[in-house]
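This report refers to the structure that appears directly beneath it.
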Amino acid sequence: MKRYFITFSLFVCSLFAMTGQTDNAFTAVPTANGKVIFEQFIPVGQSLSADQKYRLLQDWTKKTFASNPMLAGIRYDEKARTVTVSNRTELPRPEKVVMSYRFDATVTNAGCMIVVRDIAYQAAQKDANAFFPKIYTAEQTITDQLVGVQGAEGEWRKEIRRETLHTLNRLLADLAAIF
């Protein structure tokens, strides 16, 4: 009897652990071939066809991004059932920083794959003499090696990384909620 109770307890604990992991899918900054790329698969039930899922994705994209003044573009690919969004968002901390990113959401029969790439940051212009603003890529800012820098620069990078992960987890949660 004790053996069954222990087995059942471990099973319940593992379910809670799995539930906790899905809340924040992006907790680290992955790099592939020197580029920061976030990927996540959202499993979706079989009650809807792939075309119905793609229509839900299109509707969500239009509702979420079409009225955004910082939107750079939306591209739909009916044949591949893919939506590509180029967007910008203002990160509230540590200072006024605008993050630009591109993501692809592809619908299949099993679910939706989201890939976030081309992340860059534009900090508030500190030097009034500079005509062009300074742009920092994710590879120059939020990777594990660069976040470890000591001092104010390291704290700035950590805050940018924290806000980036929060923004991407919110995007993923909003997308998962439509299915």
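Tabulated data for the structure shown
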read-out	value
Residues of the stretch 124-149 that turn out to be assigned to a loop (DSSP other than H, G, I, E, B) and at pLDDT 85 or above, as a count	3
Wholly enclosed strands (runs of 3 or more DSSP E) of the stretch 33-104 bearing at least 2 residues out of contact with any Ser or Thr (no Cβ under 6 Å at 6 or more places or on another chain) and over 30 Å from residue 156 (Cβ atoms)	38-43, 73-77
Where a residue in the stretch 30-49 is more than 23 Å from residue 142 (Cβ to Cβ) and its partner, wherever it lies, is of a type in the set (Lys, Arg) and surrounded by 12 or more Cβ atoms within 10 Å (Cβ to Cβ), with Cβ under 8 Å and at least six apart	44/53
Scope the stretch 47-104; condition in contact with a Leu (Cβ under 6 Å, 6 or more places away or on another chain) and either under 23 Å from residue 177 (Cβ atoms) or exposed (fewer than 12 other Cβ atoms within 10 Å of the Cβ) (or both); matching residues	65, 83, 87, 99
Any hit, the stretch 138-149, residues being within 17 Å of residue 162 (Cβ to Cβ) and touching a Leu at 6+ places or on another chain (Cβ under 6 Å)	no
Filter pass, residue 115 being within 11 Å of the chain's Cα centre (by Cα) and either exposed (fewer than 15 other Cβ atoms within 10 Å of the Cβ) or in a strand (DSSP E or B) (or both)	yes
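The values are calculated or read from the model by the stated rules, or taken from the named source; none is laboratory data. Everything numeric in this text was worked out from a predicted model, so none of it was measured. Positions of Cβ are generated from backbone atoms using ideal geometry, with glycine treated the same way; all protein chains shown enter the neighbour counts.
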